[in-house]
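Here is the structure we will look at, set down as structure tokens.
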Amino acid sequence: MSTTANPDVVDNEARGIVSDYLTKIRGGDVGALPAILGLLALVAVFSVLRPGRFTGPFNFANLINQSSSIVVLAMGLIFVLLLGEIDLSAGYIGGTSAAVMGVVMTRHGWSAVPSLVVGILVGASLGAVIGILVARLGIPSFVVTLAFFLGLQGAMLVIIGEGGTIAYRNETILALNNNAMPVWLGWTLAIVGVLAYAGLTWRTNARRRAAGLHSQPTSLWALKTGVLAALVLATVFYLSIERGPNPTLKSIKGVPIVLALVAGLLVVATLALTKTAWGRHVFAVGGNAEAARRAGINVAWIKLSCFIVNGAFAALAGILIASRDNSVSPTTGGNTTLLFAVGAAVIGGTSLFGGKGRAVDAVIGGLVMTVIGNGMGLMQQSTGNIYMITGLVLLIAASVDAISRRQAAASGRA
């Protein structure tokens, strides 16, 4: 009989898992736990206060579309924040990229794919310029990105025209953040994704055990896989319900296309940070740049590459905003877009001090930010109240980060 089939062994494994997790929390490594608890509390409160609207399938899908651009922008910012740097221009990098894409698409008749490539290349190029100024010349990222924050606003006015807009008419681009996939495709992608996760993580654990390395207990693997499967399949099931206001005229059901896009970006970003030498170097530079340099890591290249990645993600976020709005204007990526994205990363558990963060933090934090705005909007609260509550949540998240770092330092985990 295998050890995992023995009830006593399983019970001991479970106790060990709980004990190790509690030890991590007491040591200051709270991760995304506060954000997850906060998200659950917000959902519970708004579900009680607006049960007929907040929890409905239509609003559930709307939350996904609303949060997508903030999540993608925050996901890119995490690469920069892990270094202990900041990018104040990320929102307008996205807006500028969407504006250039709009020009080649509408004024020059380019199709969707080449236009998307151009938009992403514009964002990556702007990120490269910022990265060179920060990594090679040593100019503080705050100063460089503040200059780009101002300069790119002017560039957008030149490209689009003051008070003007560039309408998006390409159906493929508009579908990115407005349309849903066929129901069968949503189920297929969900099942394949869960099975892929289960198989890859099982194989990784098996290889580590065979090599005599530390691996997670089988019961923990089963718990994580089960929770992921339950969340994914429940989400797909709920999104597959008819949510159109008038189904006889137009049926609306299925997983939003943008959800698959965000999920794909999350997988790529997570693998890049956790399964590659480059990702390990990012954490090393963010933890202690001088120690990383002495260990032979090319610190300048790591910083430059992170700003390039951030620029590409910002471009995608700007394109999603324009897709949602059906147009790009000089304010695309402006207003509170950047602030919400930085807030999403911090609320999700990424540290502003560098060296601590995960791609999934952007998803959790982005959902928190969106749920606050969406829920309070359904309650007909003023914009002022929404901003004050959002600011309070961000302040609490930053305080949790500071306290956890102090506990980690006291326990020797920092």
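Every number in this text was worked out from the coordinates using simple rules, so none of it is lab data. For clarity, every value in this text was computed on a predicted model and none was experimentally measured. No Cβ is skipped: glycine too gets one built from the backbone with ideal geometry, and neighbour counts run over all protein chains shown.
List of remarks:
- Averaging 1/r over every pair of different alpha carbons in region 101-202 and inverting the result gives a Kirkwood radius of 17.4 Å.
- Hz values of 3J(HN,Hα) by residue in region 341-347 - Karplus curve (6.51, -1.76, 1.60), Gly and Pro given as x: 5, 4, x, 4, 5, 5, 4
- Under-5 Å amide H pairs with ALA180, H placed in peptide plane, nonlocal only: ILE257
- Cut-off under 5 Å, modelled amide H: who pairs with SER327 long-range: TYR168
- Against the set (i) 144; (ii) 171; (iii) 158, the structure's computed volume of the Cα convex hull per residue in Å³ falls on (ii).
- Of the peptides 312-322, 113-123, the order by per-residue mean of other Cβ atoms within 10 Å, starting with the highest, comes out as 312-322, 113-123.
- Amide proton proximity set for ILE241, modelled H, under 5 Å, gap of 5+: GLY254
- With only the Cα atoms considered, region 315-414 has a convex hull volume of 114 Å³ per residue.
- Fully extending the segment from TRP202 to ALA147, taken as 0.36 nm per residue of separation minus the present Cα-Cα distance, adds 15.0 nm.
- Residue-wise HN-Hα coupling along region 98-104, computed from phi with Karplus coefficients 6.51, -1.76, 1.60 (Hz; x: Gly, Pro): 5, 5, 4, 4, x, 5, 5
- Averaging Cα coordinates gives a centre for region 386-403 and one for region 62-124; these two points are 26 Å apart.
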